[in-house]
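The block underneath contains the structure these notes are about, expressed in structure tokens.
The values are calculated or read from the model by the stated rules, or taken from the named source; none is laboratory data. Because the structure is a prediction, the values reported are computed rather than measured. Don't worry about glycine lacking a Cβ; one is built from the backbone with ideal geometry, like all the others, and counts go over all protein chains shown.
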Amino acid sequence: MVDYEVQAPPTTGSAQDAATYLKARFPGVVSDDTRPGFQGVIVQADKLGEVAQAIRDELGYNYLSSATAVDYLGAGDHMEMVYHAYRISGGGALNFKVQTEREKPVVPSLVNVYPGANFQEREAYDLYGIHFSGHPNLKRILMWEGFAGYPMRKDWREAYYEGEAKPFESRWPAGWVHRAEERNVFGSNVRYPADFDLSKLTDISDQAVYNSASISGMGVDYQQDEMETDQLVVNMGPHHPSTHGVFRMVLKLDGETITGLEPVMGYLHRNHEKIGERNTYLHNIPFTDRLDYISSMGNNFGYVMAVEQLMALGARYTPPTRRAEIIRVLMAELTRIVNHLWSIGFFLNDLGAFFTPMLYANAEREKILDFFEAVAGSRLMCNYMRFGGVFKDIPDRIRSTANLMNDRIRDYDTMEFLSDMINERLPRFLEEYDRYLTGNEILLERTVGQGVLSAEDAIAMSCAGPLLRGSGVAYDVRRADPYSIYPELDFDIPVGKQGDLFDRYMVRMQEMHESLRILRQLLPLLEETKGQDIMSGTRAYNPRIPQGESYGRVENPKGELGFYVVSWGDAKGTQNPWRYHVRAPSFINLTALGPMSVGQKVADVVSILGSIDIVLGETDR
Amino acid sequence: MYGLGILKGLGVTIRHFIDTYKDDVLYGFRKYSKSQDNFAVRQGTQATGAYTVQYPEEKVAVPERFRFTPFLVVNDADHESPGEDWCTSCGICSKVCPPQCIWIVRGTDPATGRPVPQPEAFFIDIDICMNCGFCAEFCPFDAIKMDHDYEMASYDRTSVNIHDKERLSKPFSYWMKIAPTTATEEADARGGWEHSDVIKEKKKKADAEAKAAAKAAAPAAPAPVAAAVGEAVAAPVAEAVAVAESAEDEEKKKAERLAKREAALARKKANKGD
């Protein structure tokens, strides 16, 4: 054994320094990932806990952004867990990986080191069958308990399975149409576990939820001493107006006080990531729209950034043009306003200010959507960004001509419309909204001091976006790990003080003001670059992506949205991603829901959930 | 004072209430008239108060780039070859379609078995279409476009939601009507209002004619120069002859292609009759 001299741990500096330190600190355990296009270090599975502890405590990478699995079937035949950790003070990622066998994959759980790994490890267990030793609550999270197999594995095939990769052969040149539905839906690729009793379906699928640590002990209906309150378990959702979609909370109550909460999700699960791996790189852009469907422009942005990072590994790559970057940021910031208007509106709905504030907010949102529709062609499913640019330049006029379908005409100058919105209408509205609600005594009593999340907990549980910043952590990807043209823009990161519901509300209000500030800086830039190219290179429908991995992340309105994309297989460049993972802020932010809700009243859990601002399209994927 | 915030908020509510009806009164209830200008103002950035559109009696006009489901462009009824598809069945749209809802049967010549640039059949499964617009964006012939017609509800999804070529085909004039600016931009890029293949052939023909004319004029004028330079001129003349020959070949090929195309069309019409 060679004795390495261990230097003092670099708590600042690049991921390269950190990797060098780790290799010296854990000789023989940590090694470089030498596959072409791959970064980071590979850690031996049995020592993962120790190494992760050192990464967090000695190197200062205290924020675990993403933890996900990859199945390298036919490419080494192993499973891999990939972790991306960041420093909350800013900077790039430390990417560390663990490899394990495919047959009986076991990886030590990191929940003790990074509590934010909780849901992500459950997801990897659910979809890949990786067993996490030491995980406190290892059960399926997106799929139901009676599901056989691990659907993200490369050898698992879905119902209606047609081929490993798109485009499918049957579409052209002899594309006689058939409906996939007409073939047997419950064919050979839908299976149940061997010991699964279909007649006991409900019992089996629910028992796991009720047996979890936070809920166990249900069904006991006894009286407490003083208040004579009952203990009971209440199911809120999946069909409940306050859950913003099909989301279920199993609450354990003592009278009206919450003593345990178990979120149940996956009702909207469609295996987005598997679909993404069948798709070509281009096909995935409109699919990302459907994640967080309130802010599709932001989703597009994150995905094209991740793929552009991969393309940059190859020889022939030209970065997006300046005008394209300006338009992207314009869209991202408008999306932030759209999203926050929506989330604040519904948050007030949850507090009982029934629909009036929400409709006022939505009236403004509609105007921005009008702009999206005129530019991208759709109000919600924008599908606007492309690799190396955007779909089309901003049109001169927002014009609706009378035609066969419509008899109404609209015709505005686009830039005039935009500058009216940015300089007059939206600031006026925000000022009015402040007057309308921020001083409202009922709002204050319902929100101040409620649902508190401390800064330490928020970081530990990998919370992101307004939830993290509401707790007083000034972490914003736009500043911490800047991308696009954000470094040259002037804006602040609003933070809260106590981490309660009111702070999150105020952070969102302030963020809209900051977005307007960015937008006002963009208007002259748009004028300056008018007429320039919005696309670098050619508009190819089948770009070949060189081998490698990339993690592209953006500050989406709901928090940090990351895309982990692996290109593998064809040395000349593949058309379909080997791995396509979405680090969904709505999903990971829910880790904090239970801890925030315990000790609160049952009526407050509605507003706590509203303050996290989830979209189930993204949570369940 | 406790409750002041609530009162202030109620002030905002009443303001909105008044704003909603203020314009109605000011314009003498023109909101309910068919007036166009009123509609444009209330949908713009200067509008105040709430304003709802009485769907389905009235509809918000959609912008040009609005995309719903795809349709196929065919020649207008008054065109020299009416109803001819712009689609050449190259298959790019079916490859670029993210949910793979486009099915194309490439046309073949029954005599030779070779592909002809016409789709024999074309299907779009509207249930699966995600309205992304990639097919229209990547079509090299401007033959598939996104429609504005969003009223497609039906009572039976199994029988009507797979659109065949007949259902998908709409004349070019329709595209110019729903998206005049885009259609003009595209025509500029193609170099004319016709299909790009037609434009190319016209251009080729014009070039060939110009060259033939140049050739006819050439021997007369530069004769003295040719004598002076000798062999140097021989080569360009030979080239000109070659060009003239290839132009003739082009004519032949074009006639062949047209015949094939017409044969395919006739066959399809016959199939339709069955």
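A few remarks follow.
- Scan of the range B:166-199 for residues that are of a type in the set (D, E, K, R) and in a helix (DSSP H, G or I), ordered by number: B:E166, B:R167, B:K177, B:E185, B:E186, B:D188, B:R190, B:D197
For (1) touching an Asp or Glu at 6+ places or on another chain (Cβ under 6 Å); (2) closer than 25 Å to A:W156 by Cβ; (3) of a type in the set (A, V, I, L, M), each residue gets a yes or a no:
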{"position": "A:P9", "(1), (2), (3)": "yes, no, no"}
{"position": "A:T12", "(1), (2), (3)": "no, no, no"}
{"position": "A:A18", "(1), (2), (3)": "no, no, yes"}
{"position": "A:Q39", "(1), (2), (3)": "no, no, no"}
{"position": "A:Q44", "(1), (2), (3)": "no, no, no"}
{"position": "A:A52", "(1), (2), (3)": "no, no, yes"}
{"position": "A:A67", "(1), (2), (3)": "no, yes, yes"}
{"position": "A:D77", "(1), (2), (3)": "no, yes, no"}
{"position": "A:Y83", "(1), (2), (3)": "no, yes, no"}
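- Yes/no for A:T20 being surrounded by 14 or more Cβ atoms within 10 Å (Cβ to Cβ), more than 24 Å from A:A124 (Cα to Cα) and either in contact with a strand residue (DSSP E or B) (Cβ under 6 Å, 6 or more places away or on another chain) or β-branched (V, I, T) (or both): yes
- Any hit, the range B:69-84, residues being within 8 Å of chain A (Cβ to nearest Cβ) and either without any contact (Cβ under 8 Å) to a residue 60 or more places away in the chain or part of a helix (DSSP H, G or I) (or both): no
- Residues satisfying the stated conditions in the range B:123-150, i.e. farther than 15 Å from A:G377 by Cα and under 16 Å from the mean Cα position of the chain (by Cα): B:F138, B:C139, B:P140, B:F141, B:D142, B:A143, B:I144
- If you filter the range A:346-395 down to residues that are in a helix (DSSP H, G or I) and of a type in the set (F, W, Y), you find that the one that is farthest from the other protein chains (Cβ to nearest Cβ) is A:F346.
- Per-region count, the range A:124-151, residues in contact with a Ser or Thr (Cβ under 8 Å, 6 or more places away or on another chain) and under 13 Å from A:M265 (Cβ atoms): 2
- Residue within the range A:441-451 that is out of contact with any helix residue (DSSP H, G or I) (no Cβ under 7 Å at 6 or more places or on another chain) and part of a loop (DSSP other than H, G, I, E, B) present: yes
- Some residue of the range B:92-99 being among the basic types (K, R), out of contact with any strand residue (DSSP E or B) (no Cβ under 8 Å at 6 or more places or on another chain), within 14 Å of chain A (Cβ to nearest Cβ) and at negative phi: yes
- Close Cβ contacts (under 6 Å, 6 or more residues apart or on different chains) running from residues in the range A:329-346 that are closer than 13 Å to A:D292 by Cβ to residues that are outside any helix (DSSP H, G or I) and among the acidic types (D, E) comprise A:S343/A:D613.
- Within the range B:116-134, at least one residue is closer than 23 Å to A:G276 by Cβ, more than 7 Å from chain A (Cβ to nearest Cβ), of a type in the set (D, E, K, R) and part of a loop (DSSP other than H, G, I, E, B).
- Out of A:Y267, A:Y281, A:Y317, A:Y293, sole residue that is surrounded by 21 or more Cβ atoms within 10 Å (Cβ to Cβ) and outside any helix (DSSP H, G or I): A:Y281
- Here A:D411 meets each of (1) under 16 Å from A:L341 (Cα atoms); (2) charged (D, E, K, R); (3) within 10 Å of chain B (Cβ to nearest Cβ) with one exception, condition (1).
- If you go through the range A:270-290 and keep only what is within 14 Å of the chain's Cα centre (by Cα) and more than 11 Å from chain B (Cβ to nearest Cβ), you end up with A:H272, A:E273.
- Yes/no for A:D481 being surrounded by fewer than 18 Cβ atoms within 10 Å (Cβ to Cβ) and touching a residue at least 12 places away in the same chain (Cβ under 8 Å): no
- All conditions in (1) among the acidic types (D, E); (2) farther than 29 Å from A:L251 by Cα; (3) modelled with pLDDT of 90 or more hold for A:E560, with the sole exception of (2).
- Note on the range A:26-93: enclosed strands (runs of 3 or more DSSP E) holding 3 or more residues that are hydrophobic (A, V, I, L, M, F, W, C) and under 26 Å from A:N589 (Cα atoms) are A:63-72, A:78-86.
- Yes/no for B:D142 being within 8 Å of chain A (Cβ to nearest Cβ), under 26 Å from B:E186 (Cα atoms), out of contact with any strand residue (DSSP E or B) (no Cβ under 6 Å at 6 or more places or on another chain) and not hydroxyl-bearing (S, T, Y): no
Condition check ((1) out of contact with any helix residue (DSSP H, G or I) (no Cβ under 8 Å at 6 or more places or on another chain); (2) crowded, with 20+ Cβ neighbours inside 10 Å) across all residues:
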site: A:F354; (1), (2): yes, no
site: A:E366; (1), (2): yes, no
site: A:A374; (1), (2): no, yes
site: A:L380; (1), (2): no, no
site: A:G388; (1), (2): no, yes
site: A:P395; (1), (2): no, no
site: A:N423; (1), (2): no, no
site: A:L437; (1), (2): no, yes
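- Taking the range B:102-115 as the range and being part of a loop (DSSP other than H, G, I, E, B) and among the hydrophobic types (A, V, I, L, M, F, W, C) as the test, only B:A111 passes.
- Residue count for the range A:94-121, restricted to those that are in contact (Cβ under 8 Å) with a residue 40 or more places away in the chain, of a type outside the set (A, V, I, L, M, F, W, C) and part of a strand (DSSP E or B): 5
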